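The values are calculated or read from the model by the stated rules, or taken from the named source; none is laboratory data. Source: prediction; values computed, not measured. All Cβ positions, even for glycine, are placed from backbone atoms using ideal geometry, and neighbour counts span all protein chains on display.
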Amino acid sequence: MIKKNSLELANRIVELRKRLKLSQSELGHRVNALAMAVSRWERGAQSAPADICVLLGNLAGKDECWYFWGKAGLSSDDVIRVLAKGQKHLPNIPLPVLQVVAAGAEEDEKKKTSLIAIPLLPLFAAADSEGGSPHFDFNLVEPEGMLAAPGVWCPNPKLTSSLRVKGDSMEPLLHDGYIIVVDRGQKDRAKLKDKVIVAFCHEYGLVVSRLRRVGKVEMLVPDNREHEPVSLTHSWRIVGKVLWWVGMPDSATSF
């Protein structure tokens with residue numbers, strides 16, 4: 001059975017090839033692959049590997065490149081950082097204009113004493129078995145609103161965003177519907193031990209959980225013991241550390 005994600009990638013490759021008016025052989029030549037390999041990708045019989053997705057992104061241009069780069073495990077943060085350091089060495093990679101509000105401005109002493117505008121994204125981090133939003137690249141999601149917070153609460157303003165929690169696996173700390181603020185600048189696993197983080201894999205989408213080490217194995221361990229922990233395999237990527245959260249009281253609660 002062909003998985004939904006593989007079928008989506010297959011369709012996008014077909015659409016790209018037809019838009020470029022290339023045969024399977026010609027597309028294969030562009031990405032250093034055989035026509036038979038292109039055929040397998042387009043049928044969903046085999047997923048295009050990460051290095052091929054990078055090349056497909058280069059061919060796709062600014063309107064579609066992030067989709068293919070995302071399939072290679074790259075975020076816009078990764079690509080922009082590389083381009084900023086050496087764009088002259090990557091002349092064929094287009095840099096799209098991102099229509100996304102920045103989380104903050106200059107990181108000076110004045111800003112630390114002022115309010116920071118944090119984008120509220122229309123995304124969910126799962127705290128249940130159903131899975132969360134299928135997006136890990138926050139730069140490509142249009143905010144639905146903004147939160148204001150003291151600058152001292154946001155060590156990396158430009159890499160700070162907020163999203164909602166879905167589910168009860170992090171209760172009593174985080175409840176369904178809470179808004180969590182995530183710092184994408186904090187991804188060092190050694191410094192995130194026992195911290196609440198947001199992680200992503202294509203199978204589960206965005207997930208909020210606690211990072212723990214059990215022996216030599218890293219695990220995503222829910223605070224709610226009714227939910228099972230998940231091994232943090234190579235298919236997972238750390239999105240960022242949860243800095244703080246906002247929760248509305250239950251409607252039945254009296255003040």
### Query
Is it the case that some residue within the stretch 205-224 is hydrophobic (A, V, I, L, M, F, W, C), crowded, with 19+ Cβ neighbours inside 10 Å, over 17 Å from Pro122 (Cα atoms) and in contact with a helix residue (DSSP H, G or I) (Cβ under 9 Å, 6 or more places away or on another chain)?
yes
### Candidate set from the stretch 148-167 (those that are of a type outside the set (Ser, Thr, Tyr) and assigned to a strand (DSSP E or B)); member that is farthest from Phe200 (Cα to Cα)
Pro150
## Note on the structure
Subset of the stretch 34-51, residues of a type in the set (Gly, Ala, Ser), in a helix (DSSP H, G or I) and either surrounded by fewer than 18 Cβ atoms within 10 Å (Cβ to Cβ) or not assigned by TED's automatic domain parsing to the domain that holds Leu74 (or both), comes to Ala35, Ser39, Ala50
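Here is a yes/no grid of residues against (1) under 29 Å from Gly145 (Cα atoms); (2) out of contact with any Ser or Thr (no Cβ under 6 Å at 6 or more places or on another chain); (3) not in a strand (DSSP E or B):
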{"position": "Asp176", "(1), (2), (3)": "yes, yes, yes"}
{"position": "Asp194", "(1), (2), (3)": "no, yes, yes"}
{"position": "Ala199", "(1), (2), (3)": "yes, yes, no"}
{"position": "Glu203", "(1), (2), (3)": "yes, yes, yes"}
{"position": "Leu206", "(1), (2), (3)": "yes, no, no"}
### Task
Of all residues in the stretch 37-59, count the ones that are more than 17 Å from Gly70 (Cα to Cα) and in contact with a Gly (Cβ under 8 Å, 6 or more places away or on another chain).
2
### Query
Among the numbered criteria (1) charged (D, E, K, R); (2) loosely packed, with under 12 Cβ neighbours inside 10 Å; (3) on the phi < 0 side of the Ramachandran plot; (4) in contact with a Leu (Cβ under 9 Å, 6 or more places away or on another chain), which single criterion is violated by Lys195?
(2)
### Summary
The residue that is farthest from the chain's Cα centre (by Cα), considering only those in the stretch 120-167 that are closer than 27 Å to Val230 by Cα and basic (Lys, Arg), is Lys166
### Message
It is to be established whether one or more residues within the stretch 210-218 are at pLDDT below 95, assigned by TED's automatic domain parsing to the domain that holds Ile118 and within 22 Å of Gly70 (Cβ to Cβ).
### Response
no
### Query
Quick one: how many residues across the stretch 51-84 are at positive phi and modelled with pLDDT under 75?
1
### Task
Look at Met248 and say whether it is part of a loop (DSSP other than H, G, I, E, B), within 27 Å of Gly151 (Cα to Cα) and touching a strand residue (DSSP E or B) at 6+ places or on another chain (Cβ under 6 Å).
no
